[in-house]
Amino acid sequence: MRIVLVGPPGAGKGTQAQFIASHLSIPKISTGDIFRANVSGGTELGRQAKQFMDRGDLVPDEVTIAMVRDRLAEDDARDGFLLDGFPRNVPQAETLKKILSSDFDARLDIVLELVVDEDEVVRRLSGRRTCERCGRIWHVDFDDKRDDVCDDCGGHLFQRDDDKEDVVRHRLEVYQEQTAPLVQFYADEGILKGIDATGPVEEVTKRALDELRPLER
Ligand code: ADP
Ligand code: AMP
């Protein structure tokens, strides 16, 4: 199955992506994770992306699209994938459609929109912690993670630089201006499903899987 998750920063895309992708045995492809790995690895791609990420702006389309095209060409993505954080604007969505059609003779099956209000998103982002070893996402309050240690693997938890208050505010503006129009784009394509992304993580996962079940072969 070929799935895209959309929703504002902090909606829970990464959190849900890890469960949904594992349930369906498809790779989770997070452009934010790939950029962050390149920044920490000191690669040329990381160098190009960092200045935009630090400000909370989108990395230019040509850089992002080339990266996604390469990732989609890997073997594990041939029969399905879950995209988290891509596409992030209408030109990226149009290019994705062309790549899937020309390189794979395929199309997206479904786009899940995680619907949550802005106050909740700010609460979620201000307490977000990520495991530097396994990538698992936690929340200081909701998961009671005072010790900065990952319960899954024992790795150290860190706070993302772009989760600071002023950058968060800018990322939310970027979402409204550039990413929110994707909701209409995919509604017009007839593949958009909105799900209520409030409440416990497991309930949101259940709502997502309920939408995906009719598409499972
Ligand atoms: P996104 O990938 O959309 O930016 P994340 O998955 O990283 O969002 O989630 C942002 C923060 O919100 C994390 O700290 C995560 O633990 C927390 N979170 C995710 N889903 C929920 C939920 N249903 N209820 C409470 N907190 C959540
Ligand atoms: P995320 O982890 O999805 O919150 O993304 C973190 C940052 O990576 C964003 O604020 C952007 O700077 C960059 N980024 C991630 N995905 C994209 C994308 N599809 N297009 C442009 N920039 C992106």
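A few remarks follow.
- All positions within region 98-109 that are in contact (Cβ under 8 Å) with a residue 40 or more places away in the chain and either within 16 Å of ligand 1 (Cβ to nearest atom) or open to solvent by 80 Å² or more (accessible area, probe 1.4 Å) (or both): Arg107
- Unmet criterion (only one of (1) without any contact (Cβ under 8 Å) to a residue 40 or more places away in the chain; (2) more than 17 Å from Gln176 (Cβ to Cβ)) for Leu112: (1)
- From the list Leu24, Leu83, the lone residue that is within 13 Å of ligand 1 (Cβ to nearest atom), closer than 26 Å to Val204 by Cβ and touching a residue at least 60 places away in the same chain (Cβ under 8 Å) is Leu83.
- Test: Glu120 is farther than 18 Å from Lys164 by Cα, in a helix (DSSP H, G or I), within 20 Å of the chain's Cα centre (by Cα) and among the charged types (D, E, K, R): no
- Scanning region 169-190 for residues that are open to solvent by 80 Å² or more (accessible area, probe 1.4 Å) and within 19 Å of the chain's Cα centre (by Cα) yields Arg169, Glu173, Gln176, Glu177, Gln184.
To keep it simple, each residue is scored yes or no on (1) near ligand 2 (Cβ under 10 Å from one of its atoms); (2) touching a strand residue (DSSP E or B) at 6+ places or on another chain (Cβ under 9 Å).
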| position | (1), (2) |
| --- | --- |
| Val4 | no, yes |
| Lys13 | yes, yes |
| Ile20 | no, yes |
| Phe35 | yes, no |
| Arg47 | no, no |
| Asp54 | yes, no |
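- Among the candidates Asp147, Asp166, residue that is of a type outside the set (A, V, I, L, M, F, W, C), more than 17 Å from the chain's Cα centre (by Cα), more than 12 Å from ligand 2 (Cβ to nearest atom) and not in a helix (DSSP H, G or I): Asp147
The values are calculated or read from the model by the stated rules, or taken from the named source; none is laboratory data. All values reported here derive from a predicted model rather than from experimental measurement. Using ideal geometry, Cβ is built from the backbone for each residue, glycine included, and neighbour counts are taken over all protein chains shown. For the accessible areas, the whole protein counts, side chains as well, though only heavy atoms, and no ligand, DNA or RNA atoms are used. Shrake-Rupley method; radii C 1.70, N 1.55, O 1.52, S 1.80 Å.
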